[in-house]
Amino acid sequence: MTAFSLEPAQLAWCAELRALAAERLHPLADKSEPGHVNRALVAELGSLGLLGRLFTSGALDLCLMRESLAYACTEAETALALQGLGAHPVHAYGTEAQRARWLPRVTAGTAIAAFALSEPGAGSDAAALELRAEADASRGGRSSDPSQSGRFADTPSLTVAPDGPARWRLTGEKCWISNAPEADFYTVFARTAPDAGARGVTAFLVPADRPGLTGRGLDMLSPHPIGALDFDAVPVTAGDVLGEVDRGFRVAMGTLNLFRPSVGAFAVGMAQAALDATLAHTAGRDAFGGKLRDLQAVSHQVAEMALRTEAARLMVHAAASAYDADAPDVPRRSAMAKLLATETAQYVVDTAVQLHGARALQRGHLLEHLYREVRAPRIYEGASEVQRGIIAKELYARQEAR
C-alpha cells in the first residue's frame, strides 16, 4: 500500500465509522453539556472498540478514524482524540505498573485522560514551561518550604502520594487543557532542572485526586471541555515519572509527532463535511434563473474547495505512513500535514458558509457548528506559525547535513 491510495478494506472501514458516528455517537453527543466531559459518549467509544485501537493501530489508522468520525460527529472525534493524546505517553513511555493501572480503563472508556502541556506563558513554546517540580527535601512527605501553611505542612498523611513518598512537589499552573478539570489523570510536564530549556522537563502521570491539584473550566468558543489546573505543592513520586527524569520533552514531542497528522485528519473530516453540504446546497438552490452551481463563480469555488481538501488528505496520509515506516523526516511531515490540513479546513468551511448565506450562521446548522469547531486546530498542538518554524528548521538542518 502506498501513501496515496487506500485498500478496499480501509475504505469500507471508513464508511462503517461514518455510519457508527451518525447512528450511535451523534445522539449521545447531542445530549452533552457544552464545556463538560461526555462520559456516556466516551464509554460508547470504548464499547465499540475504538479506544482500544488507539494503542494497537498505526498513525494511518488513527487518521482514518479521526477523519471518519469528524465527518459525522466532531464531538465523538474529539473525545477519542483526547483519550489518545492524554494516554499515549503512558502507553509509549510508562512503566508496566502505570500501564496496567490506567490503560484498561482508558480503553474501556471509564477513565478520562488529559495531556497537560500548555501554560499561560508557554503555549506552543514547550521549552519555556514554568510549572516547577521541586525536590521534597524531607523525602518523607513534608513540604520543603517551612512557611508553607495548610494541609501539606500540618498533615503528613496528605504529603505522601499513593505510590510512595513524595520526591517532588508540583507548583504552578496549566491552562487550556482539554478534559480539565474533569479528567481522572493527567500527563503533566514540569520543570525539574531550572534554566535548562527543553532538557530540564520531566513528564509525570498525575491522578486527579492528588492533594493540592485543583482546576476550573474555561468558557471557550468550541463546546469541548477545556480548563485550567492549579498545582499547590502536589506530591509526585519516582513511580509517577513517564520516561526519564529531565527527558520529558522527548515524551511531549513523540506524542505530538504522532498526533499532529491526525489533527490534520480531523480537519480534513470537517472540510469534507462542509464540501458535501455545499455540493448539495448549490445543486438544489434556485438563484438568478437557475441553480447556484450554474454560476461559474460558485462552481469554481466548489472546485477549489475539493482540490484543497484532497491535497490535505493526501499529505495527512503521507505523513502518517512516514510515521508508521519510522521515516527520519517525521517531524517535518507531521508539521506540514497539520499546517496544510488545518488551514485548508478553515478556508473550506468559511467558503461553505459564504455560499450558503445567512442560513449557515443559524444556531444548529451544520456549518455554524463547523465554523466554531474549525478555528481551534490552527492553534492547539502547535499553532500554524510553530509548524512553519518546524518545517524551516528541518529543511535547513537537512541542507547542512548534505
So which residues in segment 214-244 are within 17 Å of Pro120 (Cβ to Cβ) and either among the aliphatic types (A, V, I, L, M) or without any contact (Cβ under 8 Å) to a residue 40 or more places away in the chain (or both)? Thr214, Gly215, Arg216, Leu218, Met220, Ile226, Ala228, Leu229
Taking the conditions exactly as written (among the hydroxyl-bearing types (Ser, Thr, Tyr), out of contact with any Gly (no Cβ under 6 Å at 6 or more places or on another chain), under 18 Å from Glu44 (Cα atoms) and outside the structural domain of Ala274 (by TED's automatic domain parsing)), does Ser118 satisfy them or not? no
For Leu307, which of the numbered conditions (1) surrounded by 15 or more Cβ atoms within 10 Å (Cβ to Cβ); (2) of a type outside the set (Phe, Trp, Tyr); (3) out of contact with any strand residue (DSSP E or B) (no Cβ under 9 Å at 6 or more places or on another chain) fails to hold? (1)
Pairs with Cβ under 6 Å, 6+ apart, first in segment 309-327 and within 19 Å of Glu394 (Cα to Cα) and assigned to a helix (DSSP H, G or I), second hydroxyl-bearing (Ser, Thr, Tyr) and modelled with pLDDT under 95: Ala319/Ser334
Spot the failing condition for Leu80; the list is (1) in contact with an Asp or Glu (Cβ under 8 Å, 6 or more places away or on another chain); (2) free of Cβ contacts under 8 Å to residues at least 60 places away in the same chain; (3) of a type in the set (A, V, I, L, M), and only one is missed. (1)
For the list (1) under 15 Å from Leu367 (Cα atoms); (2) surrounded by fewer than 14 Cβ atoms within 10 Å (Cβ to Cβ), I need the number of the one condition that Leu275 fails. (2)
I'd like to know if segment 212-219 contains one or more residues that are at pLDDT 95 or above and on the phi > 0 side of the Ramachandran plot. yes
For segment 178-228, how many residues meet the condition of being hydroxyl-bearing (Ser, Thr, Tyr), in a loop (DSSP other than H, G, I, E, B) and within 22 Å of Gly94 (Cβ to Cβ)? 1
Is there a residue in segment 229-241 that is part of a helix (DSSP H, G or I) and out of contact with any Asp or Glu (no Cβ under 9 Å at 6 or more places or on another chain)? no
Thr255 meets each of (1) in contact (Cβ under 8 Å) with a residue 12 or more places away in the chain; (2) more than 30 Å from Asp324 (Cβ to Cβ); (3) part of a helix (DSSP H, G or I) with one exception, condition (2)
State all residues of segment 302-324 that are small (Gly, Ala, Ser) and over 12 Å from Leu258 (Cα atoms); if no residue qualifies, say none. Ala303, Ala306, Ala311, Ala312, Ala318
I'm checking my understanding of the structure. Among residues of segment 346-392 that are β-branched (Val, Ile, Thr) and outside any helix (DSSP H, G or I), which one is farthest from Thr278 (Cα to Cα)? Ile379
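Results for (1) among the β-branched types (Val, Ile, Thr); (2) surrounded by fewer than 24 Cβ atoms within 10 Å (Cβ to Cβ), shown as yes or no for each residue.
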position	(1), (2)
Ala193	no, yes
Leu205	no, no
Arg210	no, yes
Arg216	no, yes
Val234	yes, no
Gly239	no, yes
Val245	yes, yes
Ala252	no, yes
Leu258	no, yes
Go through (1) more than 21 Å from Val330 (Cα to Cα); (2) buried (at least 20 other Cβ atoms within 10 Å of the Cβ) for Pro27 and report which single condition fails. (2)
Checking Ala114 against (1) in contact with a strand residue (DSSP E or B) (Cβ under 9 Å, 6 or more places away or on another chain); (2) in a helix (DSSP H, G or I); (3) in contact (Cβ under 8 Å) with a residue 60 or more places away in the chain: exactly one of these is not met. Which one? (2)
Filtering segment 364-375 down to residues that are in contact with a helix residue (DSSP H, G or I) (Cβ under 9 Å, 6 or more places away or on another chain) and not β-branched (Val, Ile, Thr) yields His365, Leu366, Leu367, Glu368, His369, Leu370, Tyr371, Glu373, Arg375
In the same structural domain as Ala376 (by TED's automatic domain parsing), out of contact with any His (no Cβ under 6 Å at 6 or more places or on another chain) and not hydroxyl-bearing (Ser, Thr, Tyr): does that describe Leu256? yes
Inspect segment 59-74 for any residue being buried (at least 23 other Cβ atoms within 10 Å of the Cβ) and in a loop (DSSP other than H, G, I, E, B) and give the result as yes or no. yes
Could you check how many residues of segment 360-373 are touching an Asp or Glu at 6+ places or on another chain (Cβ under 8 Å) and crowded, with 18+ Cβ neighbours inside 10 Å? 2
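The values are calculated or read from the model by the stated rules, or taken from the named source; none is laboratory data. In this text the structure is predicted, and so the values were computed from the model without any measurement. Cβ atoms come from the backbone with ideal geometry, glycine included; neighbour counts cover every protein chain shown.
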